[in-house]
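Where a number appears in this text, it was derived from the coordinates with a stated rule and is not lab data. What you see is a predicted model, and the numbers here were worked out from it, not measured in a lab. Cβ placement follows ideal geometry from the backbone for every residue including glycine, while neighbour counts extend to all protein chains displayed.
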Amino acid sequence: MNIVIAGGGMVGMTLAHLLRRRGVEPVVIERMKAGDYVPRGYMLGYQGFDPLQEVGVLDEVRRGGWDIAPREDGSTVAVAVEVGILLHALARDLPVEYEHSLTDLIRAEDGRIVGVRIEGAAGSRELEADIVVACDGVASRVREMAGLEARIEPLADATLTWMSSTPGEVSFAMAYLSDGGHIGTLGWPQGSAGWRTIEKVGEDAALAPGVEAMKEMWTRLLPESAKGVSGVTSLEQVRYGEPRLMSAPVWWKPGVVLIGDSAHFFGPETGVSSGLGLGDAQALAEAIAQNPGDPDAACQSYETWRAPIIRPYEAMDPGRQRMQTGGTTPSPADRWPPAS
Ligand SMILES: Cc1cc2nc3c(=O)[nH]c(=O)nc-3n(C[C@H](O)[C@H](O)[C@H](O)COP(=O)(O)OP(=O)(O)OC[C@H]3O[C@@H](n4cnc5c(N)ncnc54)[C@H](O)[C@@H]3O)c2cc1C
């Protein structure tokens, strides 16, 4: 089968490796330059371990990061790691058409998607495809061009996050706030990050109290974050955001299938988005291998296997139904920005 993978992020690259191991040589199209990425801390959940083990990069990623809640038998629930360590490991020895964007889908007379148009510095060209796999992220153009629906749901809360180049004291800590929101920190060998839910007050109001007030609040509410947040010296390291959930009721139509963030995006409290996306890649690679020469059967089989894994996570996302620990309004000590 001709497989075109739209997007060479962690899910697209993982799928490419897993297909190659099954004797299928896909074309990976990535709009960014080789090696480019936005540095950040990242928690790889256990849901992504099997696919990365099969690719052969899991041990390297674990060595490069810090285990989260390791068990006595040497296994771990998750790994906190600088995301570039995973991306560079996946990019090694993998042919990717960097600096090319997928700009259009090509359809046959019966409406089936049978190829793509890509554009790079040398101009544009067409590639035939039995399956175009959308690995182009939450704002997927492939999903949109294919006419597959995306349901976007705003979360009730906004988030305040920080990142620092001071390694944290712990790989992970999280606590619930008086209104059922949460505050957490992630630490890895080169840095640390923190996040918490706040009311949707807008960026100006969220940042107005300043860096020192924010550090005091974080240290008081989550003492495990004290070392990491001490490395925050400027509001440039702090972000206000209003995250949204995304789900796609249908994942495929003849000639195109959605996986990873193009198919689902979860709330920041879950930490499952990428692990589930990596699992999608493994399931799709196996579905393609088990249905040689029949792309629609492969996609159908993929959806049949994968829906019982993904749909419950979507239904139970704590972004939708928050755990109520006391009330719906934060206590004065938890409130951010603090009441003046
Ligand atoms: C700030 C932040 C923190 C996060 N933290 C975590 C975490 O701790 N744990 C976790 O599990 N998940 C986390 N996530 C989510 C995680 O990053 C994603 O689930 C994961 O990156 C999904 O991978 P993907 O390959 O599906 O999509 P992406 O990583 O978005 O990759 C898509 C790729 O497609 C390329 N592309 C897009 N359009 C085109 C086009 N038209 N042509 C060619 N290429 C294209 C892009 O350049 C990109 O490389 C976080 C996300 C953010 C934004």
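Need the full-extension length gain, Gln53 to Val77, defined as separation in residues times 0.36 nm minus the C-alpha distance. One decimal, nm.
7.2 nm
Taking 0.36 nm per residue of sequence separation and subtracting the Cα-Cα distance, how much length would be gained by fully extending the chain between Lys200 and Ala297, in nm to one decimal?
Gain on extension, Lys200 to Ala297, equals 30.5 nm.
Would you mind estimating how fast the chain diffuses translationally, via Stokes-Einstein at 37 °C and 0.692 mPa s with the Kirkwood radius over Cα pairs, in µm²/s?
155
Grab the DSSP H runs of the chain that are 4 residues or longer, score each as -39,500 (n - 2.57), total them, divide by all residues and round the 222 nm result to the nearest 500 deg cm²/dmol. Walk me through the numbers before you get to the answer.
Working: 10 runs with 100 residues, N = 340.
Result for the chain: -8500 deg cm²/dmol, rounded to the nearest 500.
Give, in nm to one decimal, the length gained when the segment between Gln190 and Arg21 is fully stretched (0.36 nm per residue of separation minus the Cα-Cα distance).
57.6 nm
Which cross-chain or sequence-distant (5 or more) residues have an amide H under 5 Å from the amide H of Ile68, H modelled 1.01 Å from N in plane?
Val77, Ala78, Val79, Ala80
What whole-number distance in Å separates the alpha-carbon centres of the range 1-63 and the range 264-340?
With the range 1-63 and the range 264-340 each reduced to a Cα centre, they are spaced 18 Å.
Let's test the formula: R0 of 45 Å, r as the Cβ-Cβ distance of Ala175 and Ile106. What FRET efficiency results, to the nearest 0.05?
0.30
If r is the Cβ-Cβ distance from Glu99 to Thr166 and R0 is 25 Å, what FRET efficiency results, to the nearest 0.05? Could you put the intermediate results ahead of the total?
Working: r = 34 Å, r/R0 = 1.38.
It comes out at approximately 0.15.
So in the chain, what percent of DSSP beta bridges are antiparallel if you round to the nearest 5?
So the antiparallel bridges amount to about 80 percent of the total.
To check you understand DSSP bridge types, tell me what percent of the beta bridges within the range 1-141 (both residues inside) are antiparallel, rounded to 5. Numbers along the way, then the final one.
On the way: 20 of 28 bridges.
So the antiparallel bridges in the range 1-141 amount to around 70 percent.
Check every DSSP H run in the chain and write down those whose alpha carbon atoms cover 27 angstrom or more along the long axis and whose mean Kyte-Doolittle hydropathy is -1.0 or greater. Don't jump to the answer; show the numbers that get you there.
Numbers: long enough: 295-315 (28 Å, -0.67).
Span-like helices here: 295-315.
Run the quick spin-label model on Arg63 and Asn2: label points 7 Å from Cα toward the beta carbon, then report their separation in nm to one decimal.
4.0
Which longest run of the chain has no exposed loop site in it, a site being GluC sites (Glu not before Pro) in a DSSP loop with at most 12 other beta carbons within 10 Å, and the site itself not part of the run?
Value returned for the longest uninterrupted segment is 150-340.
Which lysines have a Cα less than 25 Å from the Cα of Lys227, not counting those fewer than 8 places away in the same chain?
Lys215
Given a 10 angstrom Cα cut-off, can you work out which residue in Ala108, Ala263, Ala287 is the most mobile in a GNM of the chain?
Ala108
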